[in-house]
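S.K.: Please read through the structure below; I'll follow up with questions.
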Amino acid sequence: MAITMTVPAAERVKAFLDNRGTGIGLRLGVKTSGCSGMAYIIEFVDELEEEDQVFECEGVKVIVDPKSMVYLDGTELDYGKEGLNEGFKFNNPNVKNSCGCGESFTV
């Protein structure tokens with residue numbers, strides 16, 4: 001079970017953490033939402049929870065709770081720019097379908 005992050009994603013997270021001035025890493029998770037059922041969550045982490053799983057990627061700690069890990073196992077977090085749009089992209093091998101707007105997915 002693993003979560004990975006590309007170099008561009010790690011550099012962006014490091015910049016966010018540096019600007020924020022505090023935080024030990026980035027939490028990735030899922031919640032029930034959207035037209036396909038699940039949506040991704042990205043949050044800064046200041047303190048670990050007892051059951052959190054921590055992955056170190058390119059010098060950045062990625063924290064995932066056990067319930068989300070079932071849906072995120074094998075996921076790679078990427079960051080990129082396409083035209084005027086920029087943002088994080090989840091390359092999740094568990095996704096079976098996603099909605100037309102790209103905001104939610106099913107596994």
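Laboratory data are not the source of any read-out in this text; all were calculated from the coordinates shown. Being a predicted model, the structure only gives us computed values, none of them experimental. Every residue, glycine as well, gets a Cβ built from its backbone with ideal geometry; the counts of neighbours run over all protein chains shown.
S.K.: Report the residues of the range 76-91 in range of a label on Asp18: point 7 Å along Cα→C-beta, backbone N strictly under 19 Å from it.
M.R.: 79-81, 87-88
S.K.: Here's a follow-up. Among Leu77, Leu28, Leu48, which one shows the highest mean-square fluctuation when the chain is modelled as a Gaussian network with alpha-carbon springs under 10 Å?
M.R.: Leu48
S.K.: Which residues in the range 12-48 place their backbone N less than 15 Å from a point set 7 Å from the Cα of Asn91 along the Cα-to-Cβ direction?
M.R.: Answer for the range 12-48: none.
S.K.: Choose one answer from Ile41, Ile24, Ile63: the residue with the largest mean-square fluctuation in a GNM of the chain with alpha-carbon springs under 10 Å.
M.R.: Result: Ile41 has the largest fluctuation of those listed.
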